[in-house]
Amino acid sequence: MDWHPKTNLLLSCSADRGIIVWKHDADNKLMPQLCNIRELKANTDACWNYRGDKFCVGASSGHVYAGSYNKEVSLWIATSLTDTKALHDSPITAVKFDPLAGRVIASASTDGCVMVTTAFYEDLDHGDDNGPFGKIKSQEVLFKFKCSEWVNTLSFSPSGSQLAFASK
């Protein structure tokens, strides 16, 4: 679960493969907004980008998804960063967007691997060229680090230039 302080949206993912974006209505009640995702296994972690218009989700299948709101169909849509083969060989334990440009997702897994993958959306990421990933305009794996243990959590530094992770 992740809350975005500017948009006041709450993002949740669950073992039933669902992703829900929660928004306050006029009576200040949280109302669910559904998300379309093609995942066959449990979703394990979710995170907003710094603007709150894009999110990432890690799944038990090893896939990492990036999603945004589609105004044409009034639905949040999440797509895998890779079309067929999963990024990781086992379940994702943590996903995070880079803090300045929101164009890169770091993911960690029980396979002991940490990956940094681009998640550039032409319609959302124009003009945001801050930080070390601000010039990225492609879809590719930028970094892969193999640990001897599974990785439980990860975090970018405030400048986005460093990535820290902890293993069990």
Restricting attention to the range 52-75, and to residues there that are polar (S, T, N, Q) and not in a loop (DSSP other than H, G, I, E, B), which single residue is farthest from Ala101 (Cα to Cα)?
Asn70
Anything in the range 127-168 that is within 25 Å of Ser68 (Cβ to Cβ), open to solvent by 80 Å² or more (accessible area, probe 1.4 Å) and either of a type in the set (A, V, I, L, M) or modelled with pLDDT of 85 or more (or both)? List them, or say none.
Phe143, Pro158
May I ask you to verify whether Ala66 is touching a Gly at 6+ places or on another chain (Cβ under 9 Å) and within 20 Å of Phe156 (Cα to Cα)?
no
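Results for (1) among the hydroxyl-bearing types (Ser, Thr, Tyr); (2) touching a His at 6+ places or on another chain (Cβ under 6 Å); (3) over 17 Å from Ala119 (Cβ atoms), shown as yes or no for each residue.
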position	(1), (2), (3)
Ser12	yes, no, yes
His24	no, no, yes
Tyr50	yes, no, no
Ser80	yes, yes, no
Count - residues of the range 97-126 that are farther than 16 Å from Tyr65 by Cβ and open to solvent by less than 10 Å² (accessible area, probe 1.4 Å):
6
Answer with yes or no whether Thr44 is surrounded by 17 or more Cβ atoms within 10 Å (Cβ to Cβ) and β-branched (Val, Ile, Thr).
yes
Strands (runs of 3 or more DSSP E) wholly in the range 1-51 with at least 3 residues that are among the β-branched types (Val, Ile, Thr) and touching a helix residue (DSSP H, G or I) at 6+ places or on another chain (Cβ under 6 Å) - which ones?
none
Mind listing whichever residues of the range 81-98 are outside any strand (DSSP E or B) and within 16 Å of Thr153 (Cα to Cα)?
His88, Ser90, Pro91, Asp98
Which of the residues belonging to the range 81-96 are surrounded by fewer than 20 Cβ atoms within 10 Å (Cβ to Cβ) and charged (D, E, K, R)?
Asp83, Lys85, Asp89
Taking the conditions exactly as written (hydrophobic (A, V, I, L, M, F, W, C) and either outside any loop (DSSP other than H, G, I, E, B) or loosely packed, with under 14 Cβ neighbours inside 10 Å (or both)), does Ala78 satisfy them or not?
yes
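The values are calculated or read from the model by the stated rules, or taken from the named source; none is laboratory data. These numbers come from a predicted model, not from an experiment. Note that each Cβ is placed from the backbone with ideal geometry, even for glycine, and that neighbours are counted across all protein chains shown. What goes into the accessible areas is simple: the full protein's heavy atoms, side chains included, and nothing from ligands, DNA or RNA. Shrake-Rupley method; radii C 1.70, N 1.55, O 1.52, S 1.80 Å.
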